Each structure stands twice: as structure tokens, then as C-alpha cells.
Amino acid sequence: MSSTTRPAVYSPRSTLDARPEHSADSPVSIHAMTVAYARKPVLWDVDYDAPSNALIAIVGPNGAGKSTLIKACLGLIPRAAGTVEFWGQSYKHARSRIGYVPQRESVDWDFPVSALDVVCMGRYRKIGWCRPVSKSHKLAAMEALDRVGMADFAKRQISQLSGGQQQRVFLARALTQEAELYFMDEPFAGVDAATERAIIDVLRELRSNGKTVIVVHHDLQTVPEYFDHVLLLNMRIVASGPVSEVFTADNLQKTYGGRLTLLAEAAEAVARAAKGS
Amino acid sequence: MNDLPINFEEILETLALQGGFNTNAVILGTTLLGIAAGVIGSFALLRKRSLTADALSHATLPGIAGAFLIATSMGYSGRSMPLLMLGAAITGILGVACIHLILHHSRLKEDAAIGIVLSVFFGIGIVLLSLVQTSSSGSGAGLNHYIYGQTAAMTRSDAAIMGTIGIVASIIALVMLKEFMVVCFNETFARSTGLPVWLIDSIMLGLVVLITVSGLQAVGLILIVAMIIIPPAAARFWTDRLWKLVLISALIGGLSGYAGASISALFPRKPAGAVIVLVAGSIFAISMLFAPTRGVLADTIRRLRLKLLIARDHVLESLYEIESDIEGARHPNASIMLIKLIAMRGWITTSNNTLALTEAGRIQGQRIHRNHKLWEQYLVSYADIAPTHVDWSVDQVEHVLTDELIAELEEALRVRGITIENGDPA
Amino acid sequence: MIPDLIQTFLTLDLFPILAAIFAALSCGLLGNFLVLRKQSLMGDAISHAVLPGLVGAFLITQSRSPGIMFAGAAISALITVVLVEVIKRLGKVEPGAAMGVVFSVLFALGVFMLENASARSVDLDADCVLHGNLQTLFWTTSPTEWNHFLSASIKDEVPRQLWTLLGTTLAVIIFITVFFKELRIASFDAGIATVQGINAGFMHMALMTFVAIAAVASFEAVGSILVIAMLICPAATARLLTDRLITQILVSAVIALLTAIGGYALASWMGVNAAGMMASTAGAILVVVMIGSPSHGIIAKARNQRKLGNLVALEDILGSLYRLAETDEHTTRDRLIATLGFTNRTTKAMDRALADNLVKLVGTHLQLTQSGLAHGAAIIRKHRQWEGYLVDEAGFSPDHVHDTAEKLEHLIDPDLPNQHTDPHGKPIPPK
């Protein structure tokens, strides 16, 4: 079938082609991404081009899909539809330029390793398979620990650190990845004031070095103070852009003003259909 | 008692590997297997796969019996050790695959999936075993030794295979320590850095399979899993570092293997598998009770000491407050034992039935009083962020504040324009 | 006179079958709560760990009286439960590993004691521990006359294991019936149970005690492997067939019965070990149900998906034709199929649309019939309502909604009143 004989019938695929392509300048460009957890859509049709050299907050109510957005970008959960590109490249090619701070609760902190061991994990990719961690990599890890004010705790077992200190260890691990784009999942959740200050100092330092940081954030009060850009999320992108323009009462009302019942029902229906039950 | 060996020298000879050549080979092989099981078990424990290993080892039975049946039906000898090990490995892996299938294609949870695979595969194995016994008169009689293990029936080459596999498996695990560590600790992070988690998991599983099938003859398939589970669980009490955990676990595993095989060689009717597990179990019990790092006894002593410390601090604080006429001061409520203990430190005097602080005691009391006020003030002025610390009750925190924390508190309060002099906000 | 065939059955098979049935029932019923509480492996642990109790009781008393053996096994079962808890809490050991440590050490202890004991020619043997001694339950004095069944002496001819198993089965049934409500809530949510004044910890211990009793009673007859299989498989199978707990329990009882009788029959026929065959049968039933369950089976799910796919294909045809009709355009059969992606499914859906008289051919052109038009309108109505909703309420941009609406129109009717045009200005067909 050639394009000239294309009948005057509406084709299901036609709109997808018409959409704008990925931006090659953007550190992360999300295109028509739908993500499902256990086949139930949690994010609907997300399009987003992150500006470079900015601190970006992802904000939204519980269950809005904030962490899901990050994980789907990193390929940690499969995307039901859509594509993500980093500087115009696929994740596989851009991987060495991307750093990640998972949620603190996602690991067992009773694990028998020291803070330094955890930070060294950020260097594993550079070290390569089956090779021991060399002195230079340990030094880099120590440097990262120092940047988050944790140099004195390098030899501590991680369960003996406070929640905030554990978070800073995670941050240090991401720093040793020497990335240009960072994804951080709730780094400010349940941390003490000293840690909050340490994290925000590091974030600003990263920005002044030309990096981009995308942070899942739960504290609305601090958004204008800490971030340049904001992405308001509730199953789909409600609004995104510079904080001064987007972070308005009206948009927040749209984001937090209750779940869209029909969309939630649709998500259930999609899950049932996909499971065949 | 005819259970005992003839003389003491024979015991020493066996333990020092001076016994018969065959015996030595078996003891050495079992020791190496124990070391390998300890190393690989560490990662199985940290990846929380202990019971998957149990299902795997039970699932080897149909493989053993099946391999025997197929081999004999094709006219080969079914007793070839590598052949039986191959069969065991195949159904063992099949069992683990079934666990994954059940988890992916039904609503059943992991515990049920493991239990189903374990019992059904073993049941099939029993059926095949009874077929072996009816179909091949006599030649398959030794197969059920793989259930409980029997070192006595092992040849030198069997032991050599076992030992070699042990060494190879340990080396693989040690070389990949870094990769195993990151996958066990933080799987999502490992995946975000591009590490193929499924491949590393498969290698880990492969190593567990190697250990299981090579230990079948010596330890038996029911108890081999204990060699994978118990040494690392015991080692965990002694250390907070992964490489030490692996080392200690290997040591415990090796020791259990050595002791089990030796005792079994020395005494009649002492099955090696059971003895190995009992030795490992005893080491586990000792570790759990007496290990200085995470042992129950050490933990209890630490907690009692803290309790005593807090009680002592309360006494000193109360006395300080009374002697300084501070409002709201209460009389200390303490046992005579405690008072005597504090008096021994030289912080209080008990003359004329009244308690009084000495100069040193006064300094202590003042310090505690000040810490208390510091913390209280911090909670009040940082009410917005302090809720993350609400689980630290005021009465407890003041006693555990380290010098660095106190400095931090002072700094935090200074930022908000509050200083504490002698315990009172100024 | 009792015919020879039946007499053979009475002599050889009656007691083993009854023992298997009782063991399967008592374990299978309790298993429902283990599976629900995600504690299936506690049954595994207990059934391994009763061994040292059995052997120990024998070694101490030198008697094989059921009461003593029972007490020994029950004690070691309870020790298992307590030890697992202690190691988990005090030792901070991961639950799976804690269980593994306890039951493997206790089992090793049992094997060790057994090997020593059998030096003194005891008729306990290690293999028997795994697959029981079902086939030794002969009725040596089986009756030759029917009226023998009415005689008083029959009570003494039935082996003690059978009486123990019968008693256990009845006790389990009573326990579950009386405490059904408490068991259900304690299994579902221990927190809510405690708030309502039901001691979840106590229910846990009571359940574990009964699991221990059932395991001990079944142990000697059917062996530990079948105990594990029966504690887990029937309940797990029933769980794949129903969503209600009461139904699940009843179904699991039926499956347990089937497993016991079927497994025994197969074993006798093939001349293999009965306990092993029953465990295999339990697995086979589970596999069949996992694939074929009408509600949760793999086939049912695949069929539902296929049905939905066919429906989507049909609805796409009708919707496309409706859109064409709106602008008075036409298309042919082949062109429409080509546009919709040339799939086999579309071709079949087209045939069905023609056969069901939803679409008719006018010359070479396709045309919707009256009922086809109604169907098409309904689809387009849903589609455009979804587009409207996604743009107005969900904040999608108008050029992004089509794909999502395309998917949702087949699944759920937004049923929004008072909308007349979609975001692209096209009319929404009335209901």
C-alpha cells in the first residue's frame, strides 16, 4: 500500500506521526510515554522536554506516578508506550552520563557494608566487571563523601547512620557517577535540617557546574526556594515550566484537587483487559 | 560400646588427615565443599534466596532418579556420578524456573510457589525412585543415599570432583564479589547503571546449583541446603562487613564440613550430612548468643548498660537540680545498689543518710542537666523539622548525645538566636 | 460372603486410602490459612522438624505408643515455631533463613538420632520419614462376611494411626468451623484483628499448633513430603479457582480428596510409591488448574484477551465506517482492511460484521446497516467523549488524546452527558 492510495479513512496511527520529535538538546526528552504498574496505567501519555542546566522538581500527590516517571525514564520499569531520549540518544548510549538516587526505603540498611563501600558502587561502571576497586576510585568516593559532609563516617556500617546520613551516602554515590543528569527519588524525605542543607548545597553546586537534576519532591513550601523548574504530575502532566510561571495556586489545585475518577476507572479497566480477567 | 573407634591415636590420625587415602580425600573434599557453600551462601542469604535454595535441592531428586532410569534404559551404567549430577542440576534449575512461572502466571505468592515446587518435585522423585527399585533389581539400590548422603560410599574421584567444584565456585564468587554485592544491596541502582541483573542472578543461581549437586553424595539433598543457609547466617553475627562475612562464613562452612566428614569416618552410624549440619547449627547457636558484634548476649549487656547509665544520669541530674534550687526538681528514685555504684565512682557522698554531690558529681549533673535543656529547647524551636526525631524521647536522648551532636545542637540553636548557659535559655 | 475382589481391596487398600484421605483433609484444610498468611513454608519447617521429637520420644520411653510419639512430635513442632520467632527477633535474621536454620538443624538431629537408634534395631527408618509407610497398613484380619462390619471387635482391628488421623481430621474441622471468623480476620490483617479484640498472636499459635498436630498425625502414615504437599497444594489450587474464602476451603477439601484417592489409585496401578504419587498428583492438579481455571487460568486469560481483541477489531471497522458515513465517503472491503493494519483479526472481524448483518456490500462499497450504524455511533460517541474528557478534565493537549481515546473507547463508557462536540469540533453522536 503506497501513500497515494491511502484511503480517506481515519488511521489509528496517524496522530502519532504528527507529534513533535524529540529535542536533541534536552537532557531528557519524554515522548508520548504511558507507564503501567502490573499492567495498570499510572502515567498517561507524558510529553516532557527537560531544560538543561536546571534544578527540576517533580511534584504531585501520593500515587501520582512521580517515582514511576523517573523509573520509566531509567528503564527500571517497562514503558507501555512512548520513547525517552537523552541528548537525542537512547538510554543505553547515554547511560554513563546519568546518575540515580533511589528512594532510601528501597534498600535494606542492615546490609553488611560501610558507607564507603556504598559510595564505591557508583564507580562500578567505570571500574568494569570482576575487577577490584582500586585506590583511585576509593579516593574519588572519599571525595564525594566529603562533599556531602560525611567524610568522618566513611568506615561506619550503614545501619549505624541516621536517616539523613544514609540519604547523604546515597547522594555521594550518585556524585561519584560523575553524571551530567541526575534523577533523585525523594532525597528530602524524612531528613534532618543539616542533611537538607547539605543536599541543597550539592544541588546548587551541580547546577553551577552545568548539570541538570530532576528531583521527586514532596514539600510544596520549599519548591520556589530550591528549584528553577517544576513538573506538576497527577497521572498525567498537569503543568510544567519555570517555577515562577507554573507553580501557581490554580495549577496546584488542578494537581491536588482529587484524583480524576474517570481516569482512575479507565486505568482499572485497562489493567483488567491486559490481564484478561 | 562398639560405637567408639578402637583407640585415641586413630582419632588423631583421621583428624590430621593421616587416615586412609580414601578417607582423606573425602574429608578434604567435604571441607572444600563447606568453604564454597559458605562463600556462595553469603550471597544467597543477602539476596534473601535461602528457601529458593531449599526448593532447588529438593528438586534435584527427580533428576537423579530420572538420569539413572534413562541411562540404564539406554544400556549405560546409571551409577556414573557426573551423569547423576547433570540430571540433578537439570531438574534443580527446572524447579527454580517453575517457581518463577508460578509467580508470573498466577496469583500465588513466593512462599506457596516454593512449597509447591519443593514437595511436588520431591514427590515425583520418590515415584521415580520406586520405579528404579522395581525395574532394576539391585543396581539402583544406592540411589536413595543421595537423599541423606553417604560419605562411606564415596570414591576418591567423587571427592576430587566435589573439591574441584568447590574451589572453582568459590573463585567465581570471589571474583564477582563486587557485582554480587551491588545486586544484593540495591537492585534498582545496579540496573540503572546498566548491570545485567538477570545475568548476575543467574550466575548466583548457577553457583548454588553447583554446590547443591556436588554435595549430594556427601551431605544428601535434604541437608545440603543447610550448608548454604547456616554458615552465613552464623557469620552475620560476627561482622558488619561483607568481605569478612564471606570469610567467616567460609570458615564456618569449612569447619563444619571437616568435622562432619571426620566424625562420620571415625564412628559408625554417624551420617556425615547430619553431623555437618549439627556442627554448623552449634556454631550458629554459639554465634547468636556470644558474638560480640550482633550476638544476643552482647546486645543485652549493651542495653542493660545503657539502662544503668540512664538511671545514674537521672540520679545525678535530680541531685544537681535539688542542690541548685531549680524549679520542679524531684528527689531521685534509685535503688541502694545504684546509689552505691555511683558513690564508688566518687560522684556522690552518702553521709548521715543524705545524698550529696561531690565536686566531680556536680560537674556531671550540670552537664546532664544542660544536655536535657539543650534537647528540649531544640525540640521547641525546631518544631517544624524535629518531628522526624519524635521517636527519640526527651528522657533518653540526653544520655546518648555525643559531643559532636551536642555541638550541632548548640549551633542549630545559635542560628535561631538561642544560647544555653548553665542549662537555662538566655 | 464378600467377593474376593472386594476382600483384596479391604485387605490391601482400604486402610491406606482412608489414612491418605484423612491426612490430605486435615493438612489441606489448615493449608488454606497458611497460604493466605504467606506462611506456607512454616508447614514445611514443622513437618521436617517433628522428626527429632518422634525419635526422641521413642528413645526416652522405648515405647511406640501413639500418645507418647504424639507428645514428642508436638513438642518439637512447637519448639520449631518458637525458635524461628526467637531467631528472627533476637538474632535479626531474615525470616526465610531463620526458618531454614531451624528446620534443617532439627531434621539433621532427627536423622542423627534415627541412625543411632536403628543400631538398636528399631523399625523406624529414615526413608520412611520422607514417604511414610502407607503400603504397610494391611488389614490382616479383613472380614470375609459382611456382618463382620457390625461386630464390636472391628474397632481393635483398625490400626491406631487411622484412629489418630480420624480424630485429627475431626478436630481440624471443628477448629476451623468454630474459629472461622477469627482465623479469617487474623489471616487477613493482624492489626485489625487486634483492634477488634481478637488476639492475632494467639490465633497464630493456635493455627501452628493444629498444623503441628496434623503434621504429626499424618507424618507416620504418609511421610513428611506429602504433609508439605498437602499443606500447600490443595489450598493453592483452590485459591486459583475462587475468590471467596469459604468456597476456597470447600474446594481445597475436594481437591485434597481427589489427590488422595487419585494418587493412591495411580500408585497402585503403576506399582510405585503412594505418597510420592499423591504429591505428584497434587502438582498435576495444580498445573491443570493454573492453565485451565475458568476465572484465573492462563487459557481463560488468553481467551478473554482474544475476545477483546476481536471486539476491538470489529468496533474499529464499525467506527471507521461511521466516520466515513459522516462525510459521505466510501471505501471497499480490502481497502478498509488494509487501512486497519491487514491483520488476520481484522479480516475475520470483517467477515463477522458481514455475517451478522452489521455491514453490507453495496456494489464493491461497504455500507453500515441500521444496526451497524447504531453500533458505530456508540463507538464514536465513546471515543469523542473520551477525547473531550481527556482535554477538558485531564488536561491532555488536543493533539495527544486520540491514541488514548482509541484504546479506552473499547473498554469503558465515560457516559458524560451534555457534550455535543469533541475537542476537534466533531459532533458527538447522541445516545
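Laboratory data are not the source of any read-out in this text; all were calculated from the coordinates shown. Predicted model only: the values in this text are computed from it and were never measured. No Cβ is skipped: glycine too gets one built from the backbone with ideal geometry, and neighbour counts run over all protein chains shown.
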Rounded to the nearest 20 Debye, what is the dipole magnitude of the range C:300-408 about its Cα centre when Lys and Arg each give +1 and Asp and Glu each give -1 at the C-beta?
720
Can you pull the mean other chain C-beta count within 10 Å for peptide C:404-411?
5
Unit charges at the beta carbon, dipole of chain B: most positive-side option, B:225, B:344, B:66
B:66
Angstrom value of the Kirkwood radius, inverse mean 1/r, which spans all Cα pairs in the protein assembly as shown:
34.5
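If you rank B:242, C:373 by fewest surrounding Cβ atoms within 10 Å, what's the result? Walk me through the intermediate numbers first.
Working: B:242 22, C:373 18.
If I rank by nearby Cβ atoms, fewest first, I get C:373, B:242.
Using the count of nearby Cβ atoms within 10 Å as a rough guide to exposure, how do B:359, B:10 rank from fewest to most?
B:359, B:10
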Long-range amide H partners of residue C:331 with built H, under 5 Å
C:366
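For the range C:4-293, rounded, prolate or oblate, judged on the Cα gyration tensor with a ≥ b ≥ c (square roots of eigenvalues), a/c < 1.5 rounded, else prolate if a/b > b/c? List each step's numbers first, then the result.
Numbers: a/c = 1.72, a/b = 1.25, b/c = 1.38.
Because a/c hits 1.5 or more and a/b fails to exceed b/c, the range C:4-293 counts as oblate.
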Between the range C:1-79 and the range A:105-162, what's the alpha-carbon centroid distance in Å?
52
Give the residue from C:366, C:110, C:164 lying farthest towards the positive end of the charge dipole for chain C; charges sit on Cβ (+1 for Lys and Arg, -1 for Asp and Glu) and the dipole is referred to the Cα centre.
C:366
At 7 Å along the Cα-to-beta-carbon direction for both residue B:269 and residue A:136, put a label point, then send me their distance in nm to one decimal.
6.7
Pick out, in residue order, every one of the chymotrypsin sites (Phe, Trp or Tyr not before Pro) in the range B:44-123 that is DSSP loop and has at most 12 other C-beta atoms within 10 Å; say none if there are none.
B:76
Can you compute the modelled spin-label distance between residue B:407 and residue C:141, with each label point 7 Å from Cα toward Cβ, in nm?
9.1
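Go ahead and estimate [θ] at 222 nm for chain A from helices alone: -39,500 (n - 2.57) per DSSP H run with n ≥ 4, summed, over the residue count, rounded to 500. Can you show the working numbers first?
Working: 12 runs with 101 residues, N = 277.
That calculation yields -10000 deg cm²/dmol at 222 nm.
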Between A:262, A:203, A:181, where does the largest GNM mean-square fluctuation fall for chain A, given springs only between Cα atoms within less than 10 Å?
A:262
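So how strong a dipole does the protein assembly as shown carry about its Cα centre when Lys and Arg Cβ are +1 and Asp and Glu Cβ are -1, to the nearest 20 debye?
It works out to roughly 1740 debye.
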Additional length obtainable on full extension of the chain from residue C:71 to residue C:424, 0.36 nm per residue less Cα span
119.2 nm
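What does the structure give for A:105-113 when I average, per residue, the other chain Cβ atoms found within 10 Å of the residue Cβ?
Details: counts 0, 4, 6, 6, 1, 5, 7, 17, 10.
The per-residue average across the peptide is 6.
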Between 0 and 90 degrees, rounded to the nearest ten: what's the tilt of helix C:370-392 against the longest Cα principal axis of chain C?
80
Straight distance only, please: which lysines reach the Cα of residue C:431 with their own Cα at less than 19 Å, same-chain residues fewer than 8 apart left out?
C:382
Comparing B:20, B:257, B:92, which has the greatest mean-square fluctuation in the GNM of chain B with Cα pairs linked when under 10 Å apart?
B:20
So for chain C, averaging the separation of alpha carbon pairs under 8 Å that are six or more residues apart and normalising by length, what relative contact order in percent results?
17
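If you count, for every residue in C:26-39, the Cβ atoms of partner chains within 10 Å of its Cβ, what is the mean? Spell out each step's value before the answer.
Values: counts 0, 0, 0, 0, 0, 2, 0, 0, 3, 6, 2, 2, 5, 3.
Across the residues of C:26-39, the mean count of other-chain Cβ atoms within 10 Å is 2.
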Relative contact order for chain A: what is it in percent, counting Cα pairs under 8 Å that are at least 6 residues apart?
25
Residue B:15 paired with residue A:155, simple spin-label distance in nm, labels 7 Å along Cα-to-beta-carbon
3.7
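Taking R0 as 56 Å, what FRET efficiency do you get between residue C:355 and residue B:171 from their Cβ-Cβ distance, rounded to the nearest 0.05? Show your work: numbers first, answer last.
On the way: r = 68 Å, r/R0 = 1.22.
E between residue C:355 and residue B:171, to the nearest 0.05, is 0.25.
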With angles folded into 0 to 90 degrees, how steeply does helix C:95-118 sit against the dominant principal axis of chain C? Use alpha carbons for both and round to 10.
30
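What value, in deg cm²/dmol to 500, does the helix sum -39500 (n - 2.57) over DSSP H runs of n ≥ 4 give at 222 nm once divided by the residues of chain B?
Values: 19 runs with 307 residues, N = 426.
Helix contribution divided over all residues of chain B: -24000 deg cm²/dmol.
Could you give the length gained by full extension between residue C:60 and residue C:244, i.e. 0.36 nm per residue of separation minus their alpha carbon distance, to one decimal place? Could the numbers behind the result be given before it?
Numbers: separation 184, 0.36 × 184 = 66.24 nm, distance 4.66 nm.
Using 0.36 nm per residue and subtracting the Cα-Cα distance, I get 61.6 nm.
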Could you point to the residue in A:269, A:244, A:232 farthest towards the positive end of the range A:228-277's charge dipole, with +1 and -1 charges on the Cβ of Lys/Arg and Asp/Glu respectively?
A:269
Going through the range B:296-342, which trypsin sites (Lys or Arg not before Pro) have at most 16 other Cβ atoms within 10 Å and a DSSP loop state?
B:330
Taking the Cα centre of the range C:4-293 as origin, sum charge times position over the Cβ atoms of Lys and Arg (+1) and Asp and Glu (-1), and report the length of that vector in debye to the nearest 20.
880
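Identify the trypsin sites (Lys or Arg not before Pro) of the range C:215-311 meeting these criteria: DSSP loop state and at most 15 other C-beta atoms within 10 Å of the C-beta.
Numbers: sites: C:239, C:244, C:301, C:303, C:306, C:307; in loops: C:244.
Passing both the DSSP loop test and the Cβ count: C:244.
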Show which aspartates and glutamates lie in cross-link reach of residue A:40 when reach means a straight Cα distance below 18 angstrom and same-chain residues fewer than eight apart are skipped.
A:265, A:268, C:403, C:406, C:409, C:413
Which pairs in the list B:244/C:92; B:178/C:92; A:92/A:275; C:307/C:348 are over 22 Å apart, alpha-carbon to alpha-carbon?
B:178/C:92; A:92/A:275
Which FRET efficiency value, to the nearest 0.05, is calculated for residue C:195 and residue A:205 with the Förster distance at 51 angstrom and r the Cβ-Cβ distance?
0.55
